[in-house]
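Computed from the coordinates by the stated procedures, all read-outs in this text should not be read as laboratory data. All values reported here derive from a predicted model rather than from experimental measurement. Note that each Cβ is placed from the backbone with ideal geometry, even for glycine, and that neighbours are counted across all protein chains shown.
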Amino acid sequence: MKLSQARPCDKCRGKIAPQFYRVRVDLAFFSPRNANAVLGTAQILGGIGALAVAEAMAPGAEDAIVCAGDKEPELLDTLFICQECYLAGEIDLAVLLEQLHARREGARADGAADCGARLRAYGVVALTSDELYALKPQLEAEARASKKAVRIAWMHARHGRTEGRRCKDCEHLVRGGYFKCRLYGISASVATDWRLKWEACGLFKDRERAEAIKG
Ligand code: SF4
Ligand SMILES: [Zn+2]
């Protein structure tokens, strides 16, 4: 690392010399298609060691779990933590990353370009259209069974849920006479309309907290 790449501690904003901790963080998620290919092959083979053989045979076995930072280095966030903060205990990774992103956003003039980068940081583009398509029938069936819209079922299946929270309090909810989820995708059609009361997905980002951090 070059001297020019150094910056103050991401927690206390103090100096990091003479030694500090570098924490690298990225998003990792299961790829249903690749995971199913491996498990399916293992089931056909059967017996002890089937999983190892299946992992050598099945296409996409390496990407059964996709680590965003491995795919694109810029999706790997790096935090610098000074020795003192490291030893002092409690470090809230989510808050530190938010602050890091907010500082970067502040440094960047182009808001639109940043929105795209943000989407990629969440790994949204890492899902291939094949994977989307393969999941569709399952999601539609689940949505029918639980009487909810396919689009929020999709977000729950893909990103999990945030218990006790609703989309209405999420920073990714776009308001403009209608409601849309920025991370699901926005179009002029009602097919992307969103409901405030929907149970938040795992990408939920507390709007009030995000605003407080940006100050
Ligand atoms: S919680 Fe946020 S990101 Fe998730 S579906 Fe609702 S609005 Fe979209
Ligand atoms: Zn510090």
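Structural remarks
- Neighbour-count ranking [beta-carbon atoms within 10 angstrom, fewest first] of Val190, Val66, Val23, Val53: Val190, Val53, Val23, Val66
- Candidate cross-link partners of Lys136 among the lysines, defined by an alpha-carbon separation under 19 Å and a same-chain spacing of 8 or more, comprise Lys147, Lys148.
- All C-alpha to C-alpha distances of segment 28-68, sorted into 10 Å bins beginning at zero, yield P(r) values of 36, 49, 14, 1 percent in whole numbers.
- The alpha carbon centroids of segment 135-174 and segment 1-75 are separated by 25 Å.
- Estimated from the Cβ-Cβ distance and a Förster radius of 30 angstrom, the FRET efficiency linking Asp70 and Lys136 is about 0.65.
- Amide H contacts of Val174 (H built 1.01 Å from N, under 5 Å, at least 5 apart or other chain): Lys180, Cys181, Arg182
- Distances between placed amide hydrogens fall under 5 Å for Gly160 paired with Gly202, all partners being 5 or more residues away or on another chain.
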